[in-house]
Each structure stands twice: as C-alpha cells, then as structure tokens.
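The structure appears below as structure tokens.
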Amino acid sequence: MSKESDIKELIKVAEDWTEAIRRDPGDITAYMLRGTAYRRQGKHAEAIADFTEVIRLDPDLAMAYNNRGRAYLRQGKYAEAAADYAKAKKLHA
C-alpha cells in the first residue's frame, strides 16, 4: 500500500466518523477514532480538537489525554504535551 493510498483511506475513515458524530454528537469513540485518523494524516489541530471534545465528555479518560499529548508533541507544543502525559499517567495509576 502506498503512502497516498494510506492517506486516502485515513480521509475516508475521518469522513465516516464525522458522519457518526453528526448522528450522535456524544459518541466518545467516534471523536477518539476521528482524532486518531486526523493525527495520522498530520492534521494535528483537528486531532487536538477531537481529543479535547473527548476530554470534555469524559474528563477521566486517560487515553484522550495521551492521544492529545501526542498531537501536541507533533506540533512542537512540549509544555502542553507534558501536561497531558502527566494527566494521563495520574488517571491511569
């Protein structure tokens, strides 16, 4: 599979999760998976927005902080990434 076909697949996945969110705006899984698809596409701002929504819906979900931290890290926002990783670690303990 080529990088171009991988990106096309990730775009399709994000579109599918967008439809799921349209149908159920409280679907944490849909936000999490769309955020992951965005992050893998390099759309870090969009990924951060989705992971932030997950955190708003469930502030005790360690994975959301971890995933948002990864997106912040890719943006070079090290303080934000470190804060999210620390929160994820605290919640996971």
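Total residues in the range 1-22 satisfying the condition of being outside any helix (DSSP H, G or I) and either modelled with pLDDT of 80 or more or in contact with a Leu (Cβ under 9 Å, 6 or more places away or on another chain) (or both): the figure is 0. Taking the range 1-28 as the range and being small (Gly, Ala, Ser) and exposed (fewer than 12 other Cβ atoms within 10 Å of the Cβ) as the test, the residues that pass are SER2, SER5, GLY26. Among residues of the range 63-93 being of a type in the set (Ser, Thr, Tyr) and surrounded by 19 or more Cβ atoms within 10 Å (Cβ to Cβ), the one that is farthest from ILE28 (Cα to Cα) is TYR72.
Do you know which residues across the range 29-62 are open to solvent by 50 Å² or more (accessible area, probe 1.4 Å), part of a helix (DSSP H, G or I) and touching a helix residue (DSSP H, G or I) at 6+ places or on another chain (Cβ under 7 Å)? LEU33, ARG40, GLU46, THR52, LEU57, listed by residue number.
The values are calculated or read from the model by the stated rules, or taken from the named source; none is laboratory data. Remember, it's a predicted structure, so these values are computed and weren't measured experimentally. Neighbour counts run over all protein chains shown; Cβ positions are idealised from the backbone, glycine included. Protein only, heavy atoms only, side chains kept; ligands, DNA and RNA dropped before computing areas. Shrake-Rupley method; radii C 1.70, N 1.55, O 1.52, S 1.80 Å.
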